[in-house]
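Right, one structure below, let's go through it.
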Amino acid sequence: MIQFLPRSPSTLTIISSGSTSVLAKMSSHQVKVLEQCQISPPLDSVPITSLPFTFFDVPWMFCCPIQRIFLYQVPFSAAQFTDQVLPRLKKSLSLALQRFFPFCGNLVCPPQPSEPHILYNDGDSVQFLAAQSNGAFSDFLSDGLRDSKEIQKLVPPTPPTRILDDTLVELTPLFAVQVTLFPNSGLCIGIKYHHTVADGMSSTHFVKTWASIFQANCDMSCVCISLPVIDKGVIKDPEGSKDAMLGLWRAWGSPTWKEDTAALMEDNVRATFTLSRYEIERMKKWVSAKCDNGPLHLSSFVVTTAFIWVCLIKSLDVVTNNASKDVAQCHFGLAVDCRNRFGLAIPDTFFGNCIAGRIVSFPRGKFREEDCVAPVAAATGHSVQSLDKGVVDRYRNSFSKWTEMHESGDGILTVAGSPKLAHYDTNFGWGKPRKTEVVHIDVSGSISLSESRNGDGGLEIGLARNRRQMEVFTSFFQQGLNQFV
C-alpha cells in the first residue's frame, strides 16, 4: 500500500571545499526530491504483532542508524524512471514488506520498568523518497577520497521519533528508503534502518527479496527466496542475559541514538581500499613466517582487519603527534553470526539480530614495533578461534566492558558488514551493483568490509576519517602492502 504525503519538490545543495578533482566535481552535487510517500504491506495482510527484545537486540540501542547504498549503472531517462521503474519499485517494496513487516513497525520505548520492544500495527509504513541528482554518477563509483557529506545525500533522512503525551512512550520508525536517479547513467538505492530491528544478515535477506520480487515483475509465484523466520522465541536466554544488558542500558539513562552528524563529518572524507586474493594470501604467509609460537588462525578477515587496525593506529599517532601515547590498550570489536552455530538452534533465515561478539585488546606500545601486524593478527586470530567458547556469556561481558570503555573515553574499532553477505549479488534485473557502500561509517568510525566487486576473492574496505588522517593512512597502507612481498 502506498500513501502519498503532500510535499513540493525541494532541492538539497551540498557545499564542499574539496581539494582533489573528484571532490571539486562533487561539490555542486544537488539532489531534488521528486516524490515522498509512505509504503506499507497490502492492507490486512499482516496481523498486529509485538516483538520482544532478546539479549542480541539490547546493545544496538546505542548504535547509529545503519545506512547502505547500492549503485547500478542503468541508462534510465527521467521519464522512464518516473513512468516505468518507480511504480514497480514501490509495488515490489510493498510485497517485500509483507514478508519483512517488522521494518514497518516502530521501536517502542516506554518509561521504566516496561521494556523496549518492536510493535507492528496494520497500516504501519516506511518512508520512501524518489529523488534525482545532477551529479556525475561516475564520481560515486570512485574508490578515491570523497567528501563524506556528498554520499550522505543518497540515503534518506531519519524519520522523527514521536512521544505520546499521555504515556511518555517514544515511538521511533525503523526503516526508510531513498531511490536516486542519475539521468541516463545510473540509479542509487539507499536504505536506512535502526539496528534493533535487524542485523546485516536479515537486512540483506530483505533487500535481495525486494530485488527478486522486482525482477519477477511482482509475480510472487516466481520468487524463490526463502521466507524469514519472525519468531523471537527461538532465542533462549536461560542465564537472564537480556535483563543484565537492559540493566546496563538503564544505568546509562536508557539512551537511544540522537543524530547530530554535521559536527561528526566536518572535514571527513571517505575512500575504498581493495585487497586482491593474491595480496591477502601473501599477508597470511608473511604473518605465518613471523610467528613461531604455535598454530595460527589466519583467515582473510583476521589478516585484513589486523593490517587495517595497525595502519589506523599508526596514522592516528602521526596526526595527533602521539597525543594518545599514554593509552595502555587499543581495542577491536569482533562480531560473529550465531545462526545455527555454537549449539544455538537458530535458523539461518531468522529475522532480527543474531550477532554476538567480544573485544580484543592489544598493548598500544606494540603497534609502534616493526612488523607489528604479525602479533596483532595472531591475537585477533586466537580470539576468533575461541568465539565458540561460552559465546553468550562472553557477549554479555563484552557489552559490559564496552559500556565501561565508552564512559571512560576509550575507543574501540568495529567492523560493519561482512563478505559473507554477498551484497554484490543484489540484482534487481539490472545486473550486479557497480558499487555498494556502508554509509554510516562516516558517523560510527567503523571500517566496512565486503567481498570484492570483481569477484576475484578479494576484499573491499571502506574507511572514513578526517582528511589528514586518511592521507597518512593511505601512505601506511601502501607501505604495508610492499612489506608483504
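The values are calculated or read from the model by the stated rules, or taken from the named source; none is laboratory data. Just so you know, these numbers come straight off a predicted model, no measurement behind them. Because the Cβ atoms are built from the backbone with ideal geometry, glycine has one as well, and the counts that use them run over all protein chains shown.
General remarks:
- Candidates are the residues of region 129-151 that are of a type in the set (A, V, I, L, M, F, W, C) and under 19 Å from the mean Cα position of the chain (by Cα); the one that is farthest from Lys435 (Cα to Cα) is Ile151.
- Subset of region 308-351 (residues that are farther than 30 Å from Gln98 by Cα, under 21 Å from the mean Cα position of the chain (by Cα) and of a type outside the set (Gly, Ala, Ser)): Ile308, Trp309, Leu312, His331, Phe332, Leu334
- Scanning region 441-454 turns up no residue that is under 22 Å from Lys208 (Cβ atoms) and touching a Cys at 6+ places or on another chain (Cβ under 7 Å).
- Enumeration of residues in region 104-152 that are within 23 Å of Ala271 (Cβ to Cβ) and not small (Gly, Ala, Ser): Phe137, Asp139, Phe140, Leu141, Asp143, Leu145, Arg146, Asp147, Lys149, Glu150, Ile151, Gln152
- Within region 411-424, one or more residues are within 26 Å of Lys314 (Cβ to Cβ), at pLDDT below 90 and either assigned to a strand (DSSP E or B) or not charged (D, E, K, R) (or both).
- Residue within region 104-125 that is in contact with a Cys (Cβ under 8 Å, 6 or more places away or on another chain) and closer than 26 Å to Gly431 by Cα present: no
- Filter result for the condition that a residue is under 20 Å from the mean Cα position of the chain (by Cα) and polar (S, T, N, Q), over Gln67, Gln98, Gln73: Gln67
- Applying the criterion of being assigned to a helix (DSSP H, G or I) and in contact with a Gly (Cβ under 9 Å, 6 or more places away or on another chain) to the residues of region 248-277, the residue that is modelled with the lowest pLDDT is Leu264.
- Filter pass, Leu174 being within 30 Å of Lys435 (Cα to Cα), crowded, with 16+ Cβ neighbours inside 10 Å, in the same structural domain as Leu43 (by the TED database) and within 20 Å of the chain's Cα centre (by Cα): yes
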